[in-house]
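A.B. asks: Can you keep this structure in mind? I'll have questions shortly.
Bear in mind that the values in this text are calculations on the coordinates, not laboratory data. Computed from a predicted model, the values in this text were never measured in an experiment. When we count neighbours, we look across all protein chains shown, and the Cβ atoms used for this are built from the backbone with ideal geometry, even at glycine.
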Amino acid sequence: MDRIENLRQVRKKGKVWDIAVIGGGASGLGVALDALSRGLSVVLVEKADFAKGTSSRSTKLVHGGVRYLAQGDISLVFEALKERGRLLQNAPHLTYNQPFIIPIYTLFDRLQYSIGLKIYDWMAGRLRLGKSRFISKKETIQRLPQIKQEGLSGGVVYHDGQFDDARLALSVAMTCDEMGACMLNYMRVTDLLKDKKGQINGLKVRDELSKEKHEIDAKMVVNATGVFADKILQMDQPGVPKSIQPSQGIHLVLDQSFLGGKDALMIPKTSDGRVLFAVPWLDKLVVGTTDTLREKAKLEPEALSKEVDFILETAEAYLTKAPTRQDVKSVFAGLRPLAAPKEGSTKTKEISRSHKVIVSQSKLVSITGGKWTTFRKMGEDTVEEFSKITNQSLPASTSAQIRYHGFTDNPEKGHWKGYGADASFIQKLMRDNPELGKPLHPDYPYTQAEVIWSTRHEMAMKVEDILSRRMRILMLDARAAMDMAPKVAQLMAEEMEKDEKWMAQELEDFEKLANKYILK
């Protein structure tokens, strides 16, 4: 992806795109991918970096949703399990088959979860990732060495998917770019363009890096901004009622030794009725999540002290070695874009995660709700509106068959896996210039060559883009990320021909950000 080249496309006068997508997270990328699969022309603009918001802050699960099954949302689970299977087929370099264990302490729980998970297996059909089964107390302890043993009678094992959310977003963005889309990060929508009848026919945008302004003409505009959907809806129709209720979920990152083994732990019912996961991810343990209503959508939400305490207390109830605040390597928060509840209902865990496509009077198409696992189907359902808006015939979707950038049947092990087929090109950079093979931090495998690669080919424009979403180290170990920042800034500045002032500003911005990921 070359941002300079893509900017040239936006500057072309007289160009009318079939679809202009606002938002570079899971929803927007799903729309772009599906539209391209049908031969439509697409421009996508994102005010920050791809997946900067909710889409890089998930629990890292590609799942049908065991919880939604318990709530009776059968159609959502069917759809999600089908999409889970497709995602693992289309992005083997970014997805894993992850075994989960539910610890069993009562006979009722054994019956309840054994039966429920057999139904879950059956619903996945031929796309099932593995059979669920009851395991003995001895095997449960072998597989979860740090689980509390008092009253434990065994465990139920089941399989779900796991993934690297930000790198998947990047991979889909690069796939769209290769298919001819114009993909632009750091491009903010400042207004919507309308014709004499008040119908939307484009966007006014501002480049957040150069402050240059552009107008984009399009036959259909899609609002795929997740928790920020109301901002675009207000632009279209000031005073329109609120449609999104942000719900915050936080995750704590610990050393994997707190759980031990390669299996994930799933606690189906915590004290507040939510599910809690402890999932091995990139050699760390991600523990979450909470469900806290927030009034305002923020691009960089922060964990509340009570959320941190809740996760630590719940973990303490199930683990032999209780994690403390000092053990937390990083804490990150994300906002779910839930549909605003009807009067009198405030329980967010009861609000369906199903997505909705809404078309306003001005023909603005908004996609709300949903989850990462079903991003492609969300895109497909959104693009279906194109023929109604334009009266043009629409070819059938073929996005389910698209393999994502970096696809390879045998990805390399370790952190190279996330690059898929691109890993060999980065390793060639290291062979050609051994200096680039040096690690950025003594405790982690990330190299200088990866900074060069991400700056050249993955549209990384800021130090944060590399350390948070290209490498994920900010989410894994915030202090290590701060140690790596000066070298990353220097390498990026050389590659992008930036000066000392740019470096100083980037390091100041990154330090401010990284401090939010460190528990005080």
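A.B. asks: Relative contact order for the chain: what is it in percent, counting Cα pairs under 8 Å that are at least 6 residues apart? Please list the in-between numbers first.
C.D. replies: Numbers: 1056 pairs, mean separation 102.9, N = 520.
Reported relative contact order: 20 percent.
A.B. asks: Could you derive backbone 3J(HN,Hα) for region 79-90 from the dihedral phi with the Karplus parameters 6.51, -1.76 and 1.60 (θ = phi - 60°), listing whole Hz in sequence and x where the residue is Gly or Pro?
C.D. replies: 4, 5, 5, 5, 5, 4, x, 5, 5, 5, 6, 8
A.B. asks: Also, I was wondering about something else. At what distance in nm do the modelled label points of Thr270 and Asp195 sit from each other, each positioned 7 Å from its Cα along Cα→Cβ?
C.D. replies: Each label point lies 7 Å from its Cα, and together they span 5.1 nm.
A.B. asks: Follow-up question, since we're still on this one. Lysine pairs, Cα distance under 15 Å, 8 or more residues apart or cross-chain: how many in region 41-191?
C.D. replies: For region 41-191, qualifying lysine pairs total 4.
A.B. asks: Through the Karplus equation 6.51 cos²θ - 1.76 cosθ + 1.60, θ set to phi - 60°, convert the phi angles of region 400-407 into ³J(HN,Hα) values in whole Hz; use x for Gly and Pro.
C.D. replies: Result, ordered by residue: 5, 9, 6, 8, 8, 2, x, 3 Hz.
A.B. asks: Here is a further query. Once you charge only the Cβ atoms, +1 for Lys and Arg and -1 for Asp and Glu, what is the size of the charge dipole of the chain about its Cα centre, to the nearest 20 debye?
C.D. replies: Using only the charged Cβ atoms, the result is roughly 1240 debye.
A.B. asks: OK, next. Ordered by packing density, taken as the mean number of other Cβ atoms within 10 Å over each peptide's residues, highest first, how do 464-474, 207-217, 303-313 rank?
C.D. replies: Sorting 464-474, 207-217, 303-313 by mean packing, highest first, produces 464-474, 303-313, 207-217.
A.B. asks: Something else now. Using a/c under 1.5 as the rounded threshold, could you call region 223-271 rounded, prolate or oblate? The axes a ≥ b ≥ c are square roots of the C-alpha gyration tensor eigenvalues, and prolate needs a/b larger than b/c, oblate otherwise.
C.D. replies: The shape class here is prolate.
A.B. asks: Report, by chain and number, residues whose modeled amide H sits under 5 Å from the one on Leu192, excluding near sequence neighbours (fewer than 5 apart, same chain).
C.D. replies: Lys204
A.B. asks: What list of ³J(HN,Hα) couplings, whole Hz, do you get for region 29-44 from phi and the Karplus terms 6.51, -1.76, 1.60, once you set θ to phi - 60° and write x for glycine and proline?
C.D. replies: Whole-Hz 3J(HN,Hα) from phi for region 29-44: 5, x, 5, 4, 4, 5, 4, 5, 5, 9, x, 7, 8, 9, 10, 10.
A.B. asks: Which cross-chain or sequence-distant (5 or more) residues have an amide H under 5 Å from the amide H of Trp17, H modelled 1.01 Å from N in plane?
C.D. replies: Under 5 Å from the amide H of Trp17: Asp217, Ala218, Lys219.
A.B. asks: For the ranges 18-24, 261-267, what's the packing order if you count other beta-carbon atoms within 10 Å of each residue, average per peptide, and put the highest first? Let's see the in-between values first.
C.D. replies: Details: 18-24: 28.3, 261-267: 19.6.
So the peptides 18-24, 261-267, ranked by packing, come out 18-24, 261-267.
A.B. asks: Kindly rank 49-57, 319-327 from highest to lowest mean number of other beta carbons found within 10 Å of each residue.
C.D. replies: 49-57, 319-327
A.B. asks: Could I ask something else about it? Can you give me the long-range amide H partners of Gln98? Hydrogens built in the peptide plane at 1.01 Å from N, cutoff under 5 Å, separation of 5 or more residues or another chain.
C.D. replies: Asp160, Gly161, Gln162
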